[in-house]
Amino acid sequence: MNDNVLMQIAIDEAGKGEADLTYENPRVGAVIVKDGKVLGRGYHHRFGGHHAEIEAYQSLAKPSDIQGACIYVTLEPCASRGKVSSCAETMLTWGLKRVVIGSLDPNPSTNGKGLKLLREHGIEVIVLNDGASRQLNPAFHYFFEKNLPYVRLKVATSANRKVNAGSGQQTKITDSIADQDVHRLRAASSAILVGSETFLIDQPNLTVRKIALQHEQPLRIVLDRSGRFKDLPIQWRDNYLIFTSDEGFAETSPRVKLYDGSIADLLAILAELGIQSLLVEGGPIVHAAFLQESAWQEFWHYQSDSDFPDEGLSAVLPASEPALLRQQVPVGNTIRYIYRNEVL
């Protein structure tokens, strides 16, 4: 078996990870091979847990079997000490002969440093640059390469693409199965954003509730450009980060951020706050603003199987170009369409 075949086994391991569990950590897989035989394999299970390399090592029948072996890992072993020890440092003690990496880690805390450390200690290191990690972890790579949050727009509509049954009406669209899918999407996001109109009508919690959460809740953000919420109790504001163009309102609390009204400025501020991925749940005016500035990477559309009255509010959806439909699958009472913006 050659390097590409063995790396594919590591990629398959990485795919076992779930984005809602790994959160802001990348999904990574690793396979330990010696004399053409796979001895151990592992993947990153959850945010704050063991990395894939450690999981693979711990899966060995005998730890001593790793002497003179090769490890295939989809992403460069980390070189920084964080929630767990540096994988690159730990791997120096295993007696590895060779390390094959799918992609370099774009995070400046590791980028090239893990590779350098391993080579300095006499271990042969090969980088395949296969692109698999970018496909598995688009938000992780985008954030560290572009210094901007990865943006997913999400909307639930009726079959005739209405977001409610009438102006100002709160309307349930998705069933419990689709709801769980949405909450997994929330759990994979650093922050969730809605506009002030959507917030006032729907009063969304913007929290992960339908599934077990093993990491912190996403940051909750409300866009209130004109300062509609300035008279609401301060205690309410403490639960959200509010963006406004009203200078007076912005001076009332550190939880109220001043921005110039553009999506570009909003995303720049969120990047400074370390927001890796942003889920924009609406409403149509906010979606239109992101679409107009082409400030999005994915659009998730849950379309139910029933129609709403014509007076219902219409959703704002991406045009056929430059958006491309990448996925169309049934989820509960909806069809989930995922579009990917080619203008990144």
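The values are calculated or read from the model by the stated rules, or taken from the named source; none is laboratory data. It should be emphasised that the depicted structure is a prediction, and the values quoted were computed from it without experimental measurement. In this analysis, Cβ positions are derived from the backbone assuming ideal geometry, glycine residues included, and neighbour counts consider all displayed protein chains. Accessible surface areas use protein heavy atoms only, side chains included; no ligands, DNA or RNA. Shrake-Rupley method; radii C 1.70, N 1.55, O 1.52, S 1.80 Å.
Tabulated values for the structure
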quantity: Flag for Asn129 being in a loop (DSSP other than H, G, I, E, B), modelled with pLDDT of 95 or more and polar (S, T, N, Q); calculated: no
quantity: Elements of type helices (runs of 4 or more DSSP H) in region 1-75, at least 2 residues being open to solvent by 40 Å² or more (accessible area, probe 1.4 Å) and farther than 22 Å from Arg184 by Cα; calculated: 3-14, 52-58
quantity: Sole residue being closer than 19 Å to Pro138 by Cβ and either among the aliphatic types (A, V, I, L, M) or open to solvent by 40 Å² or more (accessible area, probe 1.4 Å) (or both), chosen from Leu258, Leu270, Leu241, Leu232; calculated: Leu270
quantity: Test: residue in region 175-184 that is part of a loop (DSSP other than H, G, I, E, B) and under 25 Å from Leu266 (Cβ atoms); calculated: no
quantity: Top-ranked residue of region 128-142 - restricted to ones that are open to solvent by 20 Å² or more (accessible area, probe 1.4 Å) and touching a residue at least 40 places away in the same chain (Cβ under 8 Å), ranked as farthest from the chain's Cα centre (by Cα); calculated: Leu128
quantity: Residue within region 168-182 that is open to solvent by 40 Å² or more (accessible area, probe 1.4 Å), modelled with pLDDT of 95 or more and within 19 Å of the chain's Cα centre (by Cα) present; calculated: yes
quantity: Long-range neighbours under 7 Å by Cβ, at least six apart or interchain, first residue closer than 30 Å to Ile275 by Cα within region 95-112, second open to solvent by 50 Å² or more (accessible area, probe 1.4 Å) and of a type in the set (S, T, N, Q); calculated: Ser103/Asn129; Leu104/Asn111; Asp105/Asn111
quantity: Residue list for region 253-286, filter: in contact with a helix residue (DSSP H, G or I) (Cβ under 8 Å, 6 or more places away or on another chain) and hydroxyl-bearing (Ser, Thr, Tyr); calculated: Ser253, Tyr259, Ser277
